[in-house]
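This report refers to the structure that appears directly beneath it.
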Amino acid sequence: VNSQLGIGTTFTIHLPIQQQAVKIDIHKAMLDDLDMQISNQINPEETETTLTSTVGKANSENPSLLIVEDNLDVMQYLISLLEDKYELLQAYDGQEGINLALEQIPDLIVSDVMMPVKNGYELCATLKQDERTSHIPIVLLTAKTGIESRIQGFEQGADAYLAKPFNQRELFIRLEKLVELRNQLRTRYQNLVPHAPSEVRAFQQQDAFMAKLRKV
């Protein structure tokens, strides 16, 4: 309160903005909705051999996708599935994947779990803890089908977890919906963050993703 006799009184109210809480709540709700949408769109009777990508050749307007996979056959298989729809980057171990993600900042990451140098869990944890890459959706692929493996992946920040052999259509839909989710989050954050308070400007300077959103 600032009061001067004969002039007036000024009341200043500070309202704390819980950005992280808002971010987590929105993200979790959207991921839950994403799982429901995907479940409704996948026909379990469809086989992988009957599914093909109908998207045109990749161009600069397509999302960029980093594949991290140490098995050359699996890498080539993923490339053949995704090259028409995404601008692809390839890494052959977890550390190389981390380095390339920090350098290129892809729109999506598809990573194996069992890899040399650093595994998929370590890659996921590292990138989700780095403000430059924390916003990137990560899909983990693994032959491990146990619930504990899935829980471990989600604990490290994975956005989706597919067991090998995976259904092609499920992979396509998950990637597509994760891109849509990322775009929706971008729009919501732009609407949530005020333009004036110095506290918010300071927060944005510390958050590379939010700073990037302001430039859009």
Hey, any hits in segment 109-131 for a residue that's under 23 Å from GLU180 (Cβ atoms), at pLDDT below 95 and surrounded by 18 or more Cβ atoms within 10 Å (Cβ to Cβ)? no
Among the residues of segment 140-162, the number that are touching a Cys at 6+ places or on another chain (Cβ under 6 Å) and either of a type in the set (Phe, Trp, Tyr) or over 18 Å from LYS118 (Cβ atoms) (or both) is 0
Taking first residues from segment 89-110 that are among the charged types (D, E, K, R) and second residues anywhere that are part of a helix (DSSP H, G or I) and crowded, with 21+ Cβ neighbours inside 10 Å, the pairs with Cβ under 8 Å that are 6 or more apart or on different chains are none
* Asked: Out of all the residues in segment 107-114, is one or more more than 13 Å from the chain's Cα centre (by Cα) and not charged (D, E, K, R)?
  -> yes
Scanning segment 74-119 for residues that are among the aromatic types (Phe, Trp, Tyr) and in contact with a strand residue (DSSP E or B) (Cβ under 9 Å, 6 or more places away or on another chain), the one nearest to ALA160 (Cα to Cα) turns out to be TYR86
Filtering segment 139-162 down to residues that are modelled with pLDDT of 90 or more and over 13 Å from ALA125 (Cα atoms) yields LEU141, ALA160, LEU162
Taking segment 163-212 and keeping residues over 30 Å from MET114 (Cα atoms), surrounded by 18 or more Cβ atoms within 10 Å (Cβ to Cβ) and either among the β-branched types (Val, Ile, Thr) or modelled with pLDDT of 85 or more (or both) leaves VAL193
When segment 136-162 is checked residue by residue, the ones that are among the acidic types (Asp, Glu) and either assigned to a strand (DSSP E or B) or buried (at least 18 other Cβ atoms within 10 Å of the Cβ) (or both) are ASP159
Of the residues in segment 69-122, those that are among the polar types (S, T, N, Q) and outside any helix (DSSP H, G or I) come to ASN71, GLN90, SER111, ASN119
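The values are calculated or read from the model by the stated rules, or taken from the named source; none is laboratory data. None of these values were measured; they are calculated from a predicted model. A quick note on method: Cβ atoms are made from the backbone with ideal geometry, for glycine too, and the neighbour counts reach across all protein chains shown.
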